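Undergrad: The structure's right below; bear with me while I get my questions together.
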Amino acid sequence: MTITPQELELLMEEVEKEDPIDFADLPFDEHDLRGLISNHLCEMAEAMESFSEEDKHLTLLAVAAKLVLENMVLNIQLMRRHGVPLSESTDALLSRLRKRDDGPAA
């Protein structure tokens, strides 16, 4: 499947309708940032042309997982910095992780 950076930008905007990105006071244009990312991802996809379908899926899953983790870490850091309480779901997740870390050593 091939997609142009422009088509990917449109898909990004569609996804953002459900979950908007807060660009806050970044000194960059939202459109320019989307263009930068869509170009980068299309270049990544092109570089994976020789990958098997399974390797493409695994690579994209790994990239998505890394980005979700990075996003969560950055959001938690920002919330703590500004004294904003975590959502119940995030707090519950982190509590589970703390309990697991505090459990008996294997």
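The values are calculated or read from the model by the stated rules, or taken from the named source; none is laboratory data. Note that the structure is predicted; figures quoted are calculated from it, not measured. Glycine gets a Cβ as well: all are built from the backbone with ideal geometry, and neighbour counts include every protein chain shown. To get the accessible areas, we keep the full protein, side chains included, count just its heavy atoms, and leave off ligands, DNA and RNA. Shrake-Rupley method; radii C 1.70, N 1.55, O 1.52, S 1.80 Å.
Undergrad: Using the heavy atoms of the protein chains and a 1.4 angstrom probe, tell me the accessible area per residue for the range 1-50 in square angstrom. Before the final figure, lay out the partial values.
TA: Working: 4170 Å² over 50 residues.
Ligands and nucleic acids excluded, the figure is 83 Å² per residue.
Undergrad: Let me ask something else about it. Would you work out if the range 52-105 is rounded, prolate or oblate? Take a ≥ b ≥ c from the square roots of the eigenvalues of the alpha-carbon gyration tensor; rounded if a/c is under 1.5, else prolate when a/b is larger than b/c, oblate otherwise. If you can, show how the numbers build up before the last one.
TA: Numbers: a/c = 3.37, a/b = 1.55, b/c = 2.17.
Oblate.
Undergrad: Taking the Cα centre of the chain as origin, sum charge times position over the Cβ atoms of Lys and Arg (+1) and Asp and Glu (-1), and report the length of that vector in debye to the nearest 20.
TA: Details: 10 positive and 23 negative charges, 182 e Å.
Dipole of the chain, to the nearest 20 debye: 880 debye.
Undergrad: Taking θ = phi - 60°, what integer Hz values does the Karplus form 6.51 cos²θ - 1.76 cosθ + 1.60 yield along the range 71-86, in sequence order, with x for Gly and Pro?
TA: Result, rounded to whole Hz: 4, 4, 4, 5, 5, 4, 4, 5, 5, 5, 4, 9, x, 8, x, 6.
Undergrad: What is the percent carbon and sulfur in the accessible area of the range 52-105, measuring with a 1.4 Å probe over the protein chains and ignoring ligands? Walk me through the numbers before you get to the answer.
TA: Details: 2850 of 4700 Å².
On the range 52-105, the fraction of accessible area on carbon and sulfur atoms equals 61 percent.
Undergrad: May I ask which residue of A24, L60, L86 lies farthest towards the positive end of the charge dipole of the chain, with charges of +1 (Lys, Arg) and -1 (Asp, Glu) on Cβ and the Cα centre as origin?
TA: The listed residue farthest towards the positive side: L86.
Undergrad: Need the full-extension length gain, R81 to E14, defined as separation in residues times 0.36 nm minus the C-alpha distance. One decimal, nm. Write out the running numbers ahead of the final one.
TA: On the way: separation 67, 0.36 × 67 = 24.12 nm, distance 3.06 nm.
Computed gain between R81 and E14 is 21.1 nm.
Undergrad: Express the accessible area of the range 52-105 per residue in Å², computed with a 1.4 Å probe while the remaining protein chains stay in the model. It would help to have the intermediate numbers written out before the result.
TA: Values: 4700 Å² over 54 residues.
Averaged over the residues of the range 52-105, the accessible area is 87 Å².
Undergrad: If the cut-off is a Cα-Cα distance under 13 Å, which aspartates and glutamates reach K56, setting aside same-chain residues fewer than 8 apart in sequence?
TA: Straight-distance partners of K56: E46.
Undergrad: Right, another one. Pick out, in residue order, every one of the GluC sites (Glu not before Pro) in the range 1-69 that is DSSP loop and has at most 15 other C-beta atoms within 10 Å; say none if there are none. Show your work: numbers first, answer last.
TA: Details: sites: E7, E9, E13, E14, E16, E18, E30, E43, E46, E49, E53, E54; in loops: E49.
Passing both the DSSP loop test and the Cβ count: E49.
Undergrad: Hey, another quick one. How big is the chain along each principal axis, measuring the range of its Cα positions in Å and listing the largest first?
TA: Principal extents (largest minus smallest coordinate, Cα): 48, 40, 22 Å.
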